[in-house]
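The values are calculated or read from the model by the stated rules, or taken from the named source; none is laboratory data. Model, not experiment: these values are computed from the prediction. Cβ placement follows ideal geometry from the backbone for every residue including glycine, while neighbour counts extend to all protein chains displayed. Keep in mind that these areas ignore ligands, DNA and RNA; they rest on the heavy atoms of the full protein, side chains included. Shrake-Rupley method; radii C 1.70, N 1.55, O 1.52, S 1.80 Å.
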Amino acid sequence: DQQVKQNSPSLSVQEGRISILNCDYTNSMFDYFLWYKKYPAEGPTFLISISSIKDKNEDGRFTVFLNKSAKHLSLHIVPSQPGDSAVYFCAASQDYGGSQGNLIFGKGTKLSVKP
Amino acid sequence: DTGVSQDPRHKITKRGQNVTFRCDPISEHNRLYWYRQTLGQGPEFLTYFQNEAQLEKSRLLSDRFSAERPKGSFSTLEIQRTEQGDSAMYLCASSRINGRTGELFFGEGSRLTVL
């Protein structure tokens, strides 16, 4: 039973346009959400996070939105660049203040940004 | 700054053999995690250490799996009597206690193939 779902296995966008990656979750106890990016042959790298007490967090070209009532979050990348082409994993935690590393990951969305 | 190092990068073994993976975390990180990732899935949490203490284990971690971090530095993950279902990428990650919540630094992984 997947607690974190990324329903789009892949997404293709044109360079300079907006990329929107979506994620849904089922566990209302999750209190922290993260996005990781993964290039081939590398481990995942942290991108951006958001606490459940907020509805938006922005870091440069990356913005994460959280809609708790819908149990939905999204990652916006504006403008998209070819170097953003990677697999993006949504992750959630219900252990805020504890180990902070027991993360529940989605299956990932492969983003391709075309020049 | 040296990242998380894992060894070996790739291991091919026959069913029933034992295998051991090693992880060297970032030197000042006192938290260490093991995750497993199979094809088409996101990483799944296996276990977590704070210094040398193993504080959390997933139900995914059967009794054929054992992890140690004897001196609070490097860690080993041993799989006994391997099965074909153990074929996966084994990812190690580390973090600081006072680091950003959920920000894990992953290694490149050790890929296990069980024939």
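A few comments on the model shown:
- Qualifying residue in the range A:57-70 (condition: within 11 Å of chain B (Cβ to nearest Cβ) and surrounded by fewer than 20 Cβ atoms within 10 Å (Cβ to Cβ)): no
- Selection count where residues are modelled with pLDDT of 95 or more and assigned to a strand (DSSP E or B), scope the range A:17-32: 7
Residues checked against (1) within 30 Å of residue B:5 (Cα to Cα); (2) touching a residue at least 60 places away in the same chain (Cβ under 8 Å); (3) loosely packed, with under 14 Cβ neighbours inside 10 Å:
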{"position": "A:11", "(1), (2), (3)": "no, yes, no"}
{"position": "A:16", "(1), (2), (3)": "no, yes, yes"}
{"position": "A:24", "(1), (2), (3)": "no, no, no"}
{"position": "A:29", "(1), (2), (3)": "no, yes, yes"}
{"position": "A:40", "(1), (2), (3)": "yes, no, yes"}
{"position": "A:46", "(1), (2), (3)": "yes, no, no"}
{"position": "A:50", "(1), (2), (3)": "yes, no, no"}
{"position": "A:54", "(1), (2), (3)": "no, no, yes"}
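- Filter pass, residue A:77 being surrounded by 13 or more Cβ atoms within 10 Å (Cβ to Cβ), within 12 Å of chain B (Cβ to nearest Cβ) and either within 28 Å of residue B:50 (Cβ to Cβ) or under 11 Å from the mean Cα position of the chain (by Cα) (or both): no
- Of all residues making up the range B:56-106, the number that are part of a loop (DSSP other than H, G, I, E, B), farther than 16 Å from residue A:103 by Cα and small (Gly, Ala, Ser): 4
- Of the residues making up the range B:67-111, those that are under 15 Å from the mean Cα position of the chain (by Cα), free of Cβ contacts under 8 Å to residues at least 40 places away in the same chain and surrounded by 16 or more Cβ atoms within 10 Å (Cβ to Cβ) are B:67, B:69, B:86.
- Which numbered condition residue A:43 fails, given (1) more than 14 Å from chain B (Cβ to nearest Cβ); (2) outside any strand (DSSP E or B): (1)
- The residues of the range B:39-49 that are open to solvent by less than 50 Å² (accessible area, probe 1.4 Å) and either in a loop (DSSP other than H, G, I, E, B) or more than 24 Å from residue A:8 (Cβ to Cβ) (or both), listed by number, are B:42, B:43, B:46, B:47, B:48, B:49.
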